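The structure appears right after this line, and notes come after that.
Where a number appears in this text, it was derived from the coordinates with a stated rule and is not lab data. Note that the structure is a prediction, hence the values are computed from the model and not measured.
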Amino acid sequence: MLYGKPRGNAAMHTITLVDADSNVLSSVSTALKAEGYRVATYSDRASALDDFQNAPPDLAIFGIKSPRTKGEETLRLFREKSDLPVIFLTSADTVIDEVLAFQMGVDDFIRKPFSERLLVERVKALLRRAWPKERMLPHRITSDLLERGALCMDVERHICTWKGKRVNLTATEFILLHALASRPGVAKGRDALMNLVYDDRTNVDERNIDSHIKRLRKKFLARDFGFDMVESLYGIGYCFKESTSELHLTGANKN
């Protein structure tokens, strides 16, 4: 069941909250509703996944014991139905667990016990990135359509295609690729990319960017085995390769 009456920037946004702890469901849903979000709460994973098909949320929050137990299966089942943002709430307390969660494709990771205020702010940050019509993409690209050779990114509809084939990206992956493809051949450092996707957070390891890029490449390789447009620059970061036509134009301008 949906709860809450949306107001302001939270209008139309629905959050799915899944946790076996009734106290977490109550306290978190109350905090989110106070911000104007609609909240669908579930005490079991199966019921939540069944409802995703008919009433997909804008963001999902999963309470899990550890990414290495139920977390991987929960995320896999969710990703079969949606590429929308996901936050893990977990009692795991090691760096390995956090890195593993990001490698699996989670957009954010919060350890229990946690501040409800912090969770609300994380939700707001993820929704700003996932729904750029409410706020321009962080790198200030104003065009709704980005085309780079075989790559096409529709910002408004959050659709990415490669050689005409749909590539389903998470909100974080979409922003990283858009930032790189917006300036082909220009290096983007890990710090700069972290600032784009994690706002002002200082407790995120730069290896998380590597994990997101690895998953992004894997998705494109599934569509095109020869995909190599996202290039690693040792000791620097990443860049989106310039196409042959762009290199030709650059050389012509120099002449």
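Tabulated data for the structure shown
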| item | result |
| --- | --- |
| Amide proton proximity set for PHE109, modelled H, under 5 Å, gap of 5+ | PHE88 |
| Per-residue HN-Hα couplings for region 159-176 [Karplus 6.51, -1.76, 1.60; θ = phi - 60°; Hz; x = Gly/Pro] | 10, 10, 10, 10, 6, x, 9, 5, 10, 7, 10, 6, 4, 5, 4, 4, 5, 4 |
| Residues with amide H under 5 Å from that of GLY63, placed H, sequence gap 5 or more | VAL18, ASP19, LEU89 |
| J(HN,Hα) series, region 214-222, from Karplus relation 6.51 cos²θ - 1.76 cosθ + 1.60, nearest Hz, glycine and proline x | 4, 5, 4, 4, 4, 5, 6, 5, 5 |
